[in-house]
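Student: Here it is, the structure in full.
The values are calculated or read from the model by the stated rules, or taken from the named source; none is laboratory data. Note that the structure is predicted; figures quoted are calculated from it, not measured. Here the Cβ is made from the backbone with ideal geometry for all residues, glycine too, and neighbour counts use every protein chain on show.
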Ligand code: ADP
């Protein structure tokens with residue numbers, strides 16, 4: 001196994017990676033250790049799973065190589081324990097297997113091991129596996145860090161903008177009122193006051209939206225959903241959302257048309273959440289209509305035990321390369337070019353509400369032609385009876 005001149009130094013470009021080697025056969029352990037050290041790695045050793053766990057906590061290695069058959073705690077149990085611990089869940093784990101341990105290999109891989117080496121193996125093989133696994137983990141870490149940085153940037157940009165604009169309104173008009181020393185006509189007074197209210201409403205909405213998004217990402221929303229779910233009539237939801245948004249649509253010269261299935265589609269859901277999601281999708285249709293106005297057709301239908309609410313608008317549309325991103329929190333299409341209201345969390349909220357109901361939100365769009373958002377929800381069974389329950393302060397309706 002150890003023949004060949006060991007002249008490896010692959011890890012020379014970075015700080016040497018630390019490898020935990022768990023092997024009860026001491027000559028074997030020593031041989032592998034030598035190869036790894038000559039390859040430029042630092043090595044810590046253990047002779048069974050229990051020692052391995054202790055070494056993991058103490059040494060925080062970058063990769064684990066473990067034998068399967070060992071006394072006290074074998075490699076499979078060791079791997080299972082490692083994967084149970086969140087801080088080690090993505091630590092690269094490689095098994096060493098002897099001939100005839102095929103079932104163990106399969107079991108190991110299903111427990112979350114990343115790779116395995118069959119004994120006897122060549123030095124080169126060992127170093128290749130280690131280097132491949134380390135590089136893969138480094139790439140994943142880099143990508144995650146880049147994603148986190150992008151997210152931070154988006155949050156900073158959108159949220160700070162969304163906080164600052166209304167705050168400027170509130171501050172500016174309050175100062176004007178203060179400087180006037182009470183010398184304002186009643187018309188001016190009312191105008192300033194309504195601008196302050198507009199600003200504070202927008203701030204309040206942003207805070208509420210952020211709280212709702214967080215509650216949908218944690219178990220809070222699910223608990224509320226389970227407690228308050230009931231048979232919901234989708235036509236009523238659509239009609240209520242349309243009635244609420246009609247004035248805004250009229251102001252943008254957007255017509256709202258409904259085509260509702262009869263008898264109406266019934267789902268098991270949370271009335272408040274479903275209304276919220278519907279209003280958000282509709283609101284976007286109005287917000288992203290063409291300057292001259294347009295129309296949105298809202299249609300409900302039932303197919304193969306699924307209820308669909310389809311929102312088809314003839315607005316500005318979404319570029320194909322950004323369709324995948326619009327459900328990400330804080331993402332907005334072309335925020336730099338288009339000054340628009342919103343924090344990029346409307347669609348993530350709507351899509352999480354769909355998921356909470358065991359459904360999904362999908363989109364098709366074409367720039368300059370329009371977009372179709374489709375909310376798919378499982379249909380309520382004929383026999384579903386709502387729990388007797390009244391609305392108990394659910395996490396804030398959209399306004
Ligand atoms: P926001 O609340 O800021 O509008 P959303 O999460 O609701 O954020 O939407 C994300 C982005 O998706 C929007 O900024 C917009 O660019 C795009 N979008 C959403 N709905 C539509 C639509 N009906 N037509 C065109 N673009 C849309």
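Student: Does residue 343 satisfy being at pLDDT below 90 and touching a strand residue (DSSP E or B) at 6+ places or on another chain (Cβ under 6 Å)? Before the answer, list the steps.
Tutor: Details: at pLDDT below 90: yes; touching a strand residue (DSSP E or B) at 6+ places or on another chain (Cβ under 6 Å): no.
Considered against the rule, which asks whether it is at pLDDT below 90 and touching a strand residue (DSSP E or B) at 6+ places or on another chain (Cβ under 6 Å), residue 343 comes out as no.
Student: Scan (1) surrounded by 15 or more Cβ atoms within 10 Å (Cβ to Cβ); (2) part of a helix (DSSP H, G or I) for the single condition residue 121 breaks and write down its number.
Tutor: Only one criterion is unmet by residue 121, namely (2).
Student: Quick check, is residue 346 touching a residue at least 40 places away in the same chain (Cβ under 8 Å), under 16 Å from residue 289 (Cβ atoms) and surrounded by fewer than 17 Cβ atoms within 10 Å (Cβ to Cβ)? Steps first, please.
Tutor: Details: touching a residue at least 40 places away in the same chain (Cβ under 8 Å): yes; under 16 Å from residue 289 (Cβ atoms): yes; surrounded by fewer than 17 Cβ atoms within 10 Å (Cβ to Cβ): no.
No, not satisfied.
Student: How many residues, within region 86-100, are within 20 Å of residue 60 (Cβ to Cβ) and in contact (Cβ under 8 Å) with a residue 24 or more places away in the chain? Explain how you work it out, then say what you get.
Tutor: Filtering region 86-100 for residues within 20 Å of residue 60 (Cβ to Cβ) gives 86-94.
Pick out the ones that are also in contact (Cβ under 8 Å) with a residue 24 or more places away in the chain and you get 88, 90-94.
Looking only at that region, the number is 6.
Student: Within region 142-188, how many residues turn out to be in contact (Cβ under 8 Å) with a residue 24 or more places away in the chain and surrounded by fewer than 14 Cβ atoms within 10 Å (Cβ to Cβ)? Break it down into steps so the answer makes sense when it comes.
Tutor: So in region 142-188, the residues in contact (Cβ under 8 Å) with a residue 24 or more places away in the chain come out as 151, 154-155, 157-159, 162-163, 165-170, 173.
Adding the requirement that they be surrounded by fewer than 14 Cβ atoms within 10 Å (Cβ to Cβ) leaves 168.
The total comes to 1.
Student: Name every residue in region 309-328 that is part of a helix (DSSP H, G or I) and either within 12 Å of the ligand (Cβ to nearest atom) or crowded, with 17+ Cβ neighbours inside 10 Å (or both), in order of residue number. Show your work before the answer.
Tutor: Narrowing region 309-328 to residues part of a helix (DSSP H, G or I): 320-322.
Scanning region 309-328 gives a single hit, 322.
Student: Still on this structure: Among the residues of region 294-308 satisfying the criterion of being over 20 Å from residue 366 (Cα atoms) and in contact with a helix residue (DSSP H, G or I) (Cβ under 8 Å, 6 or more places away or on another chain), which is nearest to the ligand (Cβ to nearest atom)? Working first, answer last.
Tutor: Here is the first cut: in region 294-308, the residues over 20 Å from residue 366 (Cα atoms) are 300-308.
This time we only want the ones that are in contact with a helix residue (DSSP H, G or I) (Cβ under 8 Å, 6 or more places away or on another chain), so: 300, 307.
Numbers: 300: 18, 307: 21 Å.
Among them, the one singled out is 300.
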